[in-house]
Amino acid sequence: MPLDVNDLVAFYASPLGDVARRLIGRVLRQRWDNCRRLSILGVGFAGPLLERFRDEAERTFAFMPAEVGVAPWPTQGRGAIALVALDMLPLPDASIDRALIVHGLETAEHPGAVLEEVWRVLAPEGRALLVVPSRRGVWARVDGTPFGQGLPYSKGQLRELMRETLFSPVYWGEALYAPPFRRRFFLNSATAIERLGAALGLPFAGVHIVEATKQLYRPVGVRRVARREQPALQTGLAPVAHRQAARRV
């Protein structure tokens, strides 16, 4: 069952959603601590987490799935979001430097096709960060949050999905050790619980956070996920890093 944009907006505007954004965002920022001169694409409902990179990156924009609906992003200034089919991204090949995927896989009908499209639009040295609900986490068992919708993943399932779509994990992390409870005590204690859970490596974190790079050659025995062709939204678009390298030549 697809997520609904109104539910997503309401969740991230709530105290519990703010806690989730902060706890996940801290891990994302540790991985991407320098995004200057880079283009970053958000896939799914990435706006609340993409926001922390907007002032630093050269370009940030977001795609939301057509079946979910679209919410304005950013909330102030010029809009940088579009409603698309996630398995037919309207971008040229190798046109972005980074992709942040949040609420983009767990309810997708064909998650492999979504990842293969992300692979296609990433530059050869590009990286993707995936935020995906964990099967072992408490958050996947609570219907009142977006992380309790759709299909949660085990680490093995996520590894296999990335293998099939030619992504190589370079970092495995987790977040949301704090439980999805809305009482003030748990909200106020969330940061302390998160630090304790991460330090002890507890097995019930709410989400996997995986950073991956592109494999440029297909290993023997790995099938290709079929995808449909889609015209490019901007035929002249190129990853920022590539454009600047070209200027120096």
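Based on the mean of other beta carbon atoms within 10 Å per residue, what is the order of 58-64, 128-134, 32-38, 77-83, most packed first?
The packing order, highest mean first, is 128-134, 58-64, 32-38, 77-83.
In percent, what relative contact order does region 1-97 have, based on Cα pairs under 8 Å that are 6 or more apart in sequence?
Relative contact order comes out at 26 percent.
In whole angstrom, note down how far apart the Cα centers of region 1-57 and region 79-134 are.
14
Tell me the relative contact order for the chain as a rounded percent, counting alpha carbon contacts under 8 Å between residues six or more apart.
RCO, the chain: 23 percent.
Loop-only check: which trypsin sites (Lys or Arg not before Pro) in region 155-214 are DSSP coil with at most 16 other Cβ within 10 angstrom?
When the trypsin sites (Lys or Arg not before Pro) of region 155-214 are filtered for loop state and at most 16 Cβ neighbours within 10 Å, Arg182, Arg183 remain.
Could you give me D for the chain, from Stokes-Einstein at 25 °C and 0.890 mPa s, where the hydrodynamic radius is the Kirkwood radius over C-alpha pairs? Units µm² s⁻¹, please.
It comes out at roughly 133 µm²/s.
For Ala13 paired with Phe186, estimate the spin-label separation in nm (one decimal), with each label point 7 Å from Cα along the Cα-to-Cβ line.
Result for the modelled spin labels: 2.3 nm.
Set the Förster distance to 25 Å, then compute FRET efficiency between Glu125 and Met88 from the Cβ-Cβ distance, nearest 0.05.
0.55
For a quick protection proxy, order the peptides 201-212, 98-109 by their average other-Cβ count within 10 Å, most packed first.
98-109, 201-212
When only Cα pairs under 8 Å and 6 or more residues apart are kept, what is the percent relative contact order across region 96-187?
29
Quote the convex hull volume per residue of region 85-151, based on C-alpha atoms, as a whole number of Å³.
85
Using a 10 angstrom cutoff on alpha carbons, build the Gaussian network for the chain and name the most mobile of Val70, Val121, Val142.
With Cα springs under 10 Å in the chain, the top fluctuation among Val70, Val121, Val142 is at Val142.
Across bins of 10 angstrom width beginning at 0, how are the C-alpha pair distances of region 24-171 distributed, in whole percent?
11, 43, 38, 8, 0
By Kyte-Doolittle mean hydropathy of at least 0.5 and Cα axial length of at least 20 Å, which whole DSSP H helices of the chain are selected?
184-200
Restricting to DSSP H runs of at least four residues, report the calculated mean residue ellipticity at 222 nm for the chain, -39500 (n - 2.57) per run over all residues, nearest 500 deg cm²/dmol.
-9500 deg cm²/dmol
We did not get these values from a lab; they are worked out from the coordinates using the rules stated. Here the structure is a predicted model, which is why all the values come from computation and not from measurement. Quick reminder, even Gly has a Cβ in these numbers, built from the backbone with ideal geometry, and neighbours come from all protein chains shown.
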